[in-house]
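First comes the structure, then the notes that go with it.
The values are calculated or read from the model by the stated rules, or taken from the named source; none is laboratory data. Everything numeric here is computed off the predicted structure, so don't read it as measured data. Cβ atoms come from the backbone with ideal geometry, glycine included; neighbour counts cover every protein chain shown. Heavy atoms of the whole protein, side chains included, go into the accessibility calculation; ligands, DNA and RNA do not. Shrake-Rupley method; radii C 1.70, N 1.55, O 1.52, S 1.80 Å.
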Amino acid sequence: MSAWVLPDHIADVLPSEARHIEEIRRDLLDMARCYGYELVMPPLLEHLESLLSGTGKALDLQTFKLVDQLSGRTMGLRADTTPQVARIDAHLLNRRGVTRLCYCGPVLHTLPAVPHATREPLQFGAEIYGHAGLEADLEILTLALDCLKASKVGSLTVDMADARIVSSLLAESGLSSSQRADVLAALASKDSSALSELTAACPAPISAALKLLVTLYGGAGVLAQARAALPQLPGVLEALDHLEWMAGHLDGVKVTFDLADLRGYAYYTGMRFSVYAQGASDALARGGRYDEVGSVFGRKRPAVGFSLDVKVLAHAAQVRPLRAAIRAPWGEATALRAAIAGLRQQGETVVCVLPGHESEVDEFHCDRELVQAAGQWVVTAI
């Protein structure tokens, strides 16, 4: 095997794709700033106990681990940025009121999340801390939609669920922790047969409700069906009310529900959502409410956010035209160098043609050139 062959699911990003990814990254950060989100840049690695605090086994298995040569302690390369942002909110900023934060940087996974996925996603996300109301939930979802629209993807569908429905039913189930984990796995795979066996000892209404959840997916009628069929538990009713309110405030997108969707169940404490685009094989953005995320850092407070992989988004987004550039000759003449510098200060891309390479084609679309006319350097169309 060649020494320069990269590991599986790790790849270089070449100029055309890198330009596309970078343009989308800038649009995402600009959109977040328009909403009032402040950019943070957490480190790529941390002490393992801090990096994995409160995140559960799934993230532990996704995290590369190494030994710090300075301290001898075990460190981890982040597989998700949200725990780090929660730490920043809790310990470094420590603000009393609402804090809006965004980030964009690489994360590393020990295994690809889905077949053919990269193990080095470029994760963008935004989070609100300090507000428990539906207003924050709606703002995060609206920001996620605006980010995807700015990236020029196909028509969008928002799929919604709420962790409180399952947690409320399991609280009344009488099952042990290990049994609950098995039920969650069966719900995630929509395995009705396994659910029948696992919930046989539960109270009849709870068993019936858990088995019914795997069928509760589709359009707005799902909420009415859930209200009629599920036990009238406070957590269930509140979740259904919140889902209905959220859906009623979304315009221009299709809204569906999947009340058995448990991706990130251990993470989320309330409403959660996935956003799909026409032509994309999987969700482009996922998010929701996770009020427990800061508790392990000694500061439990409301939190809601979303994240996405910019690389995946770039594949789903429309390819953007190359930015027009100016071709210029290389030379040492003061007037020529001053003309090139002036154009670059105006924001123009000026590509100098090095001697002997006049016929080569590069990444940039040069539709103009810098030529000398009547003793002056001027830009003319090609």
**Request:** Out of V304, V351, V319, report the one residue that is farther than 30 Å from A126 by Cβ and either more than 43 Å from the chain's Cα centre (by Cα) or not in a helix (DSSP H, G or I) (or both).
**Result:** V351
**Asked** Of the residues A314, A283, A328, which single one is open to solvent by less than 20 Å² (accessible area, probe 1.4 Å), assigned to a loop (DSSP other than H, G, I, E, B) and touching a residue at least 24 places away in the same chain (Cβ under 8 Å)?
**Response** A283
**Request:** Filter region 90-101 down to residues that are open to solvent by less than 30 Å² (accessible area, probe 1.4 Å) and not β-branched (V, I, T) and give me whichever is farthest from F124 (Cα to Cα).
**Result:** A90
**Message:** Among the residues in region 353-368, are any more than 21 Å from P83 (Cα to Cα), out of contact with any strand residue (DSSP E or B) (no Cβ under 8 Å at 6 or more places or on another chain) and surrounded by 12 or more Cβ atoms within 10 Å (Cβ to Cβ)?
**Reply:** yes
**Message:** Looking at Y103 and the list (1) over 19 Å from the mean Cα position of the chain (by Cα); (2) at pLDDT 95 or above; (3) hydroxyl-bearing (S, T, Y), which single condition is not satisfied?
**Reply:** (1)
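Where residues in region 141-163 are in a helix (DSSP H, G or I) and crowded, with 24+ Cβ neighbours inside 10 Å, which of them is nearest to the chain's Cα centre (by Cα)?
This residue is A144.
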**Request:** Select from region 8-55 the residues that are of a type in the set (G, A, S) and under 30 Å from E139 (Cα atoms) and write down the one among them that is modelled with the lowest pLDDT.
**Result:** G54
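Tell me yes or no: at least one residue of region 224-232 is under 27 Å from the mean Cα position of the chain (by Cα), over 30 Å from F297 (Cβ atoms) and open to solvent by 50 Å² or more (accessible area, probe 1.4 Å).
Let us first name the residues in region 224-232 that are under 27 Å from the mean Cα position of the chain (by Cα), namely none.
Looking through region 224-232, none of the residues is under 27 Å from the mean Cα position of the chain (by Cα), over 30 Å from F297 (Cβ atoms) and open to solvent by 50 Å² or more (accessible area, probe 1.4 Å).
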**Message:** Can you go through L175, L134 and tell me which one is out of contact with any Gly (no Cβ under 7 Å at 6 or more places or on another chain) and either modelled with pLDDT of 95 or more or buried (at least 22 other Cβ atoms within 10 Å of the Cβ) (or both)?
**Reply:** L134
**Message:** Looking at region 231-244, I want the residues that are part of a helix (DSSP H, G or I) and have a partner that is loosely packed, with under 15 Cβ neighbours inside 10 Å with Cβ atoms under 7 Å, at least 6 apart or on another chain. Which pairs are those?
**Reply:** L240/R227
**Leading residue by the ranking (nearest to M160 (Cα to Cα)) among those in region 193-223 that are open to solvent by 60 Å² or more (accessible area, probe 1.4 Å) and in a helix (DSSP H, G or I)** = K211
**Request:** Tell me, yes or no, whether region 102-116 has at least one residue that is touching a Phe, Trp or Tyr at 6+ places or on another chain (Cβ under 6 Å) and buried (at least 20 other Cβ atoms within 10 Å of the Cβ).
**Result:** yes
